[in-house]
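What follows draws every value from the coordinates through simple rules; no lab data is involved. No experiment lies behind these values; they were computed from the predicted model shown. FYI the Cβ positions are ideal-geometry reconstructions off the backbone, even for glycines, and counts take in every protein chain you see.
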Amino acid sequence: MLLEVTNLTKEFAGASGTIRALDDVSLSVDAGQLLAVRGPSGCGKTTLLLTVGGLLQPNGGTVHLDGHDPYRLPPDGRAGFRARNVGFVFQQFHLVPYLSVLENVLAPALAGAADGLPERAWELVRYLHLEDRAYHLPAKLSTGERQRTAVARAMLRSPRLLLADEPTGNLDGDSAQAVLTCLAEFAKRGGAVILATHDDRAACYASKEARMDAGRISWR
């Protein structure tokens, strides 16, 4: 199994006491699978992705990606592990406004040199039908083009695991379908995807589906 999450908990201090954002969450995702996690805003989906992706230290439980626990690594080692193995796609894109589409796609190359990344960036730009926008700044792009740029950036280093947080939340129907198709094809090619979403269409692309509510996972 590529990803094994066991009894994961994450708590935050709130004005009225401790908030348990993740409550004994266990899940697994193998290469070739797309897991859709659905649930209302505030249910813990984003916290789950950040914790699984090595960005948010849990209070309890374990995360094993390809047999390795990122939280047993020192901070610099964990950052390198994420750069090699995990890609993130966010609802708000987080593109660098003064970089072109191609430069944004290449941005993860700053985390460490790897052969063939410029060629890989062009491959992804063409794959996501952004070649006519390759030298445009984000401000000149449509919302769908910005999200496709963010997807290409997440895929640059061929991660084992792709974590997508509401990637279709700001998109029209055609753009949403293009992004969901891309995520599904990434999984079919041997990657693993966890997709946190409100989008009912996601079920059509998922290998497995879970519901999240008040920090707990139930399976459908």
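According to the square roots a ≥ b ≥ c of the eigenvalues of the Cα gyration tensor, what is the shape class of region 109-194, taking rounded for a/c under 1.5, prolate for a/b larger than b/c otherwise, and oblate for the remainder?
On the way: a/c = 1.80, a/b = 1.12, b/c = 1.61.
Oblate shape, in that a/c is at least 1.5 and b/c is the bigger or equal ratio.
Give me the Kirkwood hydrodynamic radius of region 1-103 in Å, from all C-alpha pairs, to one decimal place?
Numbers: mean 1/r = 0.0657 Å⁻¹.
For region 1-103, the Kirkwood estimate is 15.2 Å.
With a Förster radius of 25 Å, plug the Cβ-Cβ distance of Asp66 and Arg216 into 1/(1 + (r/R0)^6) and report the FRET value to the nearest 0.05. Working shown, then result.
Numbers: r = 26 Å, r/R0 = 1.04.
Computed FRET efficiency for Asp66 and Arg216: 0.45.
Subtract the Cα-Cα distance of Leu55 and Thr143 from 0.36 nm times their separation in residues, and report this length gain in nm to one decimal. Walk me through the numbers on the way to the answer.
Working: separation 88, 0.36 × 88 = 31.68 nm, distance 2.61 nm.
Contour length minus Cα-Cα distance gives 29.1 nm.
Quick one: which of 76-89, 153-166, 184-197, 59-72 comes out on top by average Cβ neighbours within 10 Å, and what's the full order, highest first?
On the way: 76-89: 17.9, 153-166: 22.0, 184-197: 20.1, 59-72: 15.1.
So the order, starting with the most tightly packed, is 153-166, 184-197, 76-89, 59-72.
Rounded to the nearest 0.05, what FRET efficiency do Glu185 and Thr18 give with R0 = 30 Å and r taken as the Cβ-Cβ distance? Could you check?
Values: r = 41 Å, r/R0 = 1.37.
After rounding to 0.05, the efficiency reads 0.15.
For the residue pair Tyr127 and Tyr98, what label-to-label distance in nm results when each label sits 7 Å from Cα along the Cα-to-beta-carbon direction?
Using points 7 Å along Cα→Cβ, the separation is 3.0 nm.
Among Leu128, Pro118, Val193, whose Cα sits farthest toward the positive end of the charge dipole of the chain (+1 at Cβ of Lys/Arg, -1 at Cβ of Asp/Glu, about the Cα centre)?
Val193
Provide the packing ranking of 33-42, 115-124, i.e. peptides ordered by the mean count of other C-beta atoms within 10 Å per residue, highest first. Show your work: numbers first, answer last.
Details: 33-42: 18.8, 115-124: 14.9.
Ranked from most to least packed, the peptides come out as 33-42, 115-124.
State, as an integer percentage, the relative contact order of the chain based on alpha-carbon contacts under 8 Å between residues 6 or more apart. List each step's numbers first, then the result.
Numbers: 436 pairs, mean separation 68.6, N = 220.
RCO, the chain: 31 percent.
Measure out, as a whole number of angstrom, how far apart the alpha-carbon centroids of region 151-220 and region 14-28 sit.
23 Å
Looking at Phe90, Phe12, Gln177, which one has the Cα that reaches farthest to the positive end of the dipole of region 3-219 (charges on Cβ: Lys, Arg +1; Asp, Glu -1)?
Toward the positive end, the furthest listed residue is Phe12.
Using the Cα centre of the chain as origin and beta-carbon charges of +1 (Lys, Arg) and -1 (Asp, Glu), tell me which of Ser26, Ser142, Ala154 is placed farthest towards the positive end of the dipole.
Projecting each Cα onto the dipole axis, the largest value belongs to Ser26.
Rank these for me by crowding, Cys182, Cys43, going from fewest to most other beta carbons within 10 Å. Walk me through the numbers on the way to the answer.
Numbers: Cys182 23, Cys43 20.
Ordered by Cβ neighbours within 10 Å, fewest first: Cys43, Cys182.
Tell me, what is the percent relative contact order of region 167-207, built from C-alpha pairs under 8 Å that lie six or more residues apart?
On the way: 21 pairs, mean separation 18.0, N = 41.
Relative contact order for region 167-207 comes out at 44 percent.
For Cα pairs less than 8 Å apart in space and 6+ apart in sequence, what is the mean separation divided by the residue count of region 1-76, i.e. the relative contact order in percent? Walk me through the numbers before you get to the answer.
On the way: 117 pairs, mean separation 30.0, N = 76.
Relative contact order of region 1-76: 39 percent.
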